[in-house]
Amino acid sequence: MAAMFKYLITISPLGFMYGSSGGFLSPENLVGRSGAKFPPEAATLSGLFFSTNKVKSYISPKELSDNLFVAGPFWAKSDDPEYFYVPIPWHKIISKKGVDEWKMKSGKWHRESEDLDPEYSWQTVNSWVNKTDAIKKNGDVAENPWTYVPILHPKTKDDERCTLAEDGLFLENSVQMDDECCLVYLSTHALADGWYRFGGENHLVEIKSVLLDDDSPIVKLLRQPIQRSFALITPGVWGSNKFSYRYPKNEDFSQKRPEMLTDKPISYRYRAKGQMGRGRYAVPPGTVYLLREPLDKTWWEFPENWFPKEGFSLKQVGCGLCLPIEIQGVE
């Protein structure tokens, strides 16, 4: 088997972090929040590894290029990062009013309460195999632990401390994390503990690397081969460098004809080696795949040609990281 994630990288903002920024608003139009995206993709952490290593080399560049794998984003309570939160699979519907679950009945998707909408989007990784009602009863679900705080900035003239007559304002959609929570990413390598500039707006964060034990919930789950059903816990980017697909089009996967529970695609873009990567769409986390035949592979064993490659394989930034699930009515 290939390399395995050995560390949790925890990122605690020292103040605000970014959601998005730029000249979205004019003085005449102070409405809306454009392009907000949070938390940062795993590629942002990967870039931090490379930039930090340039300043103070502690890993050979070839080792990083060939063997660094990161995945996320997730989040956790700061005092218990090992039991971090992952996206709830789409077949589990957990609301404040109750719970429901999509299952297979006579070869079709079926659920009992059509009017029940999911209100929670995260569950603890150690509750992954639990029944839906037990997850809610045990309090293992949560909503986003961050809020957007729009901050309006003036853009001044070069020679005067006056706002420009046109496009003189821009909005930074800063994000405030709960003081007791932190972002979490998985990594094959450790990053030295300390304060770093992280994300598009270079906000200050505190980073720590936590060694994963062999019996950590995520390690045990990632060692289980996927059979007929699995759910994404990170965005899934499949296909060639030119097209984005909902699942790998390679013959050894596509012949299994996956059924899916998913939401609309999400935008996915990253920066690598100082260049902006190709903009594409990703299958959102939480998406459920049901195959006609067992896959019998862990995510680590997914062939590299299932993923696009632009200088490096998108598998190295955790694309399509998934865990096995059980669906009622599927043997």
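The values are calculated or read from the model by the stated rules, or taken from the named source; none is laboratory data. What you see is a predicted model; the values in this text were computed from it and never measured. Glycine gets a Cβ as well: all are built from the backbone with ideal geometry, and neighbour counts include every protein chain shown. Surface accessibility is based on the protein's heavy atoms, side chains included, excluding ligands, DNA and RNA. Shrake-Rupley method; radii C 1.70, N 1.55, O 1.52, S 1.80 Å.
Couple of notes before you dig in:
- Asn138-Lys54 pseudo-label distance in nm [points 7 Å out on the Cα-to-Cβ vector]: 4.5 nm
- For Arg292, neighbours were defined as the other residues whose beta-carbon sits under 14 Å from its Cβ, and their charges (Lys and Arg +1, Asp and Glu -1) total -3.
- Placing Thr262, Thr234 in order of accessible area, with the largest value first and a 1.4 Å probe, yields Thr262, Thr234.
- Charge tally for Pro303 (other residues, Cβ to Cβ under 15 Å; Lys, Arg +1; Asp, Glu -1): 0.
- Each of Glu326, Glu251 has its accessible area taken with a 1.4 Å probe; listed largest first, they run Glu326, Glu251.
- Entry note, segment 177-331: relative contact order of 29 percent, from Cα contacts under 8 Å with a spacing of 6+ residues.
- Separation of segment 282-331 from segment 80-159 is 20 Å, based on Cα centroids.
- Solvent exposure of His110, expressed as accessible area, is near 60 Å², computed with a probe of 1.4 Å over the protein chains only.
- Counted charge near Asp140, where neighbours are those whose Cβ lies closer than 15 Å (Asp, Glu -1; Lys, Arg +1): +1
- Rough spin-label spacing in nm, given labels placed 7 Å along Cα→Cβ, for Ile266 and Lys77: 2.4 nm
- Gyration tensor verdict on segment 169-243 (Cα atoms; rounded if a/c is under 1.5, prolate if a/b is larger than b/c, oblate otherwise): oblate
- Accessible surface, 1.4 Å probe, highest first, among residues Met104, Met17: Met104, Met17
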